[in-house]
């Protein structure tokens with residue numbers, strides 16, 4: 001069989017394409033390792049901060065005890081220290097929650113891999129029927145590459161005595177059909193919805209639909225349980 005220059009060129013081109021493809025895969029893998037190392041370092045920083053908050057909280061408790069036992073009790077000073085202690089304990093709780101959140105991503109333990117709804121909260125806004133939402137998505141054990149997709153909403157309730165289901169485009173202005181996401185480790189999706197006047201909500205069903213072969217994640221929330 002005679003080897004022509006065209007066949008030689010095609011072989012060289014194929015070899016170059018394979019080499020470039022392998023290099024891109026290698027670089028992506030290295031980037032993922034570096035990013036994961038950064039998250040683990042952030043967990044260590046948060047844990048040190050958490051220990052410092054615990055130590056400071058103990059010192060404030062001792063100071064309150066001394067002030068309350070003093071023969072010349074300074075009520076104003078004691079109240080100021082108590083107020084500071086309350087703020088510190090709130091910061092400590094937030095720090096603990098953040099540490100647990102990051103721990104769950106970098107070391108999720110004995111859980112199934114894939115996309116998850118980590119948290120979904122609703123808080124009443126200033127206007128009637130207005131709510132601010134905070135949806136956190138995480139990807140466990142499969143965070144070597146990005147995953148993207150959409151989140152669909154379905155709010156069940158009653159309007160004028162009749163059962164009604166509202167999609168996201170009916171409660172957003174301008175109308176949004178679905179929430180888009182793209183994440184490797186986690187993503188926080190936040191925004192505002194506005195319910196129609198007279199609508200009484202009962203539950204929300206969220207459908208997280210990733211692109212590719214991963215199955216959708218469907219989770220329902222009772223309305224009173226998610227509103228603050």
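The values are calculated or read from the model by the stated rules, or taken from the named source; none is laboratory data. Here the structure is a predicted model, which means the values were calculated and not measured. Because the Cβ atoms are built from the backbone with ideal geometry, glycine has one as well, and the counts that use them run over all protein chains shown.
Worth a mention:
- None of 179, 206, 189, 195 is out of contact with any strand residue (DSSP E or B) (no Cβ under 6 Å at 6 or more places or on another chain), in the same structural domain as residue 157 (by TED's automatic domain parsing) and at pLDDT 90 or above except 195.
- Failed criterion for residue 141 (all others in (1) modelled with pLDDT under 70; (2) out of contact with any strand residue (DSSP E or B) (no Cβ under 7 Å at 6 or more places or on another chain); (3) at negative phi; (4) in the same structural domain as residue 193 (by TED's automatic domain parsing) hold): (3)
- Scanning the range 177-195 for residues being more than 17 Å from residue 129 (Cβ to Cβ) and part of a loop (DSSP other than H, G, I, E, B) gives a total of 4.
- The residue of the range 99-137 that is modelled with the highest pLDDT, among those that are at positive phi and surrounded by 15 or more Cβ atoms within 10 Å (Cβ to Cβ), is 129.
- Residue match in the range 210-217 (condition: in contact with a helix residue (DSSP H, G or I) (Cβ under 7 Å, 6 or more places away or on another chain), at pLDDT 90 or above and part of a loop (DSSP other than H, G, I, E, B)): no
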